[in-house]
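**Q** Mind looking over this structure? Questions follow.
The values are calculated or read from the model by the stated rules, or taken from the named source; none is laboratory data. What you see is a predicted model; the values in this text were computed from it and never measured. Here the Cβ positions follow ideal geometry from the backbone for every residue, glycine too, while neighbour counts run over all protein chains shown. Heads up: the accessible areas ignore ligands, DNA and RNA and are worked out on the full protein's heavy atoms, side chains in. Shrake-Rupley method; radii C 1.70, N 1.55, O 1.52, S 1.80 Å.
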Amino acid sequence: MDKTEKYRLLTEQIRSLIAGETDAVAVMANVCAAIHETMGFFWTGFYRVVGDELVLGPFQGPVACMHIPYGRGVCGTAWEQRETIVVPDVEQFPGHIACSSLSRSEIVVPVFSQGGEVVAVLDIDSKDLSTFDETDRHYLEAICHLID
């Protein structure tokens with residue numbers, strides 16, 4: 001099955017999985033588990049906006065950074081810019097925060113409230129360079145749009 005078909009099925013699975021659930025942490029937990037299991041990424045998780053920083057939320061993978069300041073690293077920059085950031089090589093991203101030396105590429109997608117505020121970011125890391133492309137961006141943004 002190609003990546004587009006995997007994502008299409010994953011999006012439908014997540015839509016059904018979270019339908020009617022009102023607890024944001026429970027939703028994030030199952031969303032990151034579904035993405036991680038289906039796509040086989042190195043690290044998949046959420047950072048929640050708490051005050052002026054991102055705080056580690058539900059995730060799948062090895063231990064991670066627990067606090068990320070606004071505007072710092074890929075996650076903090078995606079929050080600040082309010083847009084998805086795809087990083088083909090994390091070593092080339094100025095100010096990258098290395099939670100794991102095994103991470104080589106990354107995508108970070110903001111999660112918006114119904115009022116348009118960033119409430120979290122979905123952070124996904126790969127052990128390989130240039131893992132993420134426009135297909136990942138499209139479907140992960142669609143999945144994050146389901147979380148509101």
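**Q** For Kirkwood radius over Cα pairs in Å, which listed value, [x] 16.1; [y] 15.1; [z] 15.7, comes from the coordinates shown?
**A** For Kirkwood radius over Cα pairs in Å, the calculated option is [y].
**Q** Under a Cβ-only charge scheme (Lys and Arg +1, Asp and Glu -1), can you give me the dipole magnitude of the range 37-131 about the Cα centre, in debye to the nearest 20? Can you show the working numbers first?
**A** Values: 5 positive and 12 negative charges, 18 e Å.
Charge dipole of the range 37-131: 80 debye, to the nearest 20.
**Q** Ok, one more. Please flag any cysteine in the chain that has no other cysteine's Cβ under 4.7 angstrom from its own Cβ.
**A** So, Cys32, Cys75, Cys144.
**Q** Tally up the carbon and sulfur contribution to the accessible surface of the range 49-148 as a whole percent, 1.4 Å probe, everything protein left in place. Write down the numbers at each step before the final one.
**A** Values: 2480 of 4990 Å².
About 50 percent, which is the carbon plus sulfur part of the accessible surface.
**Q** Let me have the 222 nm mean residue ellipticity of the chain computed from DSSP H runs of 4+ only, each contributing -39500 (n - 2.57), with the sum over all residues rounded to the nearest 500. Display every interim value, and only then the final one.
**A** On the way: 4 runs with 54 residues, N = 148.
Only helices count here, giving -11500 deg cm²/dmol.
**Q** About the Cα centre, and with charges only on the beta carbon of Lys, Arg (+1) and Asp, Glu (-1), how big is the dipole of the range 1-59? Nearest 20 debye, please.
**A** Values: 5 positive and 8 negative charges, 34 e Å.
Computed about the Cα centre, the dipole is about 160 debye.
**Q** If you stretched the chain out fully between Ser130 and Ala33, how much longer would it get, using 0.36 nm times the residue separation minus the C-alpha to C-alpha distance? Can you show the working numbers first?
**A** Values: separation 97, 0.36 × 97 = 34.92 nm, distance 2.22 nm.
Once the chain is fully extended between Ser130 and Ala33, it gains 32.7 nm.
**Q** Along the charge dipole of the range 65-111, which of Thr77, Met66, Pro110 sits closest to the positive end, that is, farthest toward it, with unit charges on the beta carbon of Lys, Arg, Asp and Glu (+1, +1, -1, -1)?
**A** Projecting each Cα onto the dipole axis, the largest value belongs to Met66.
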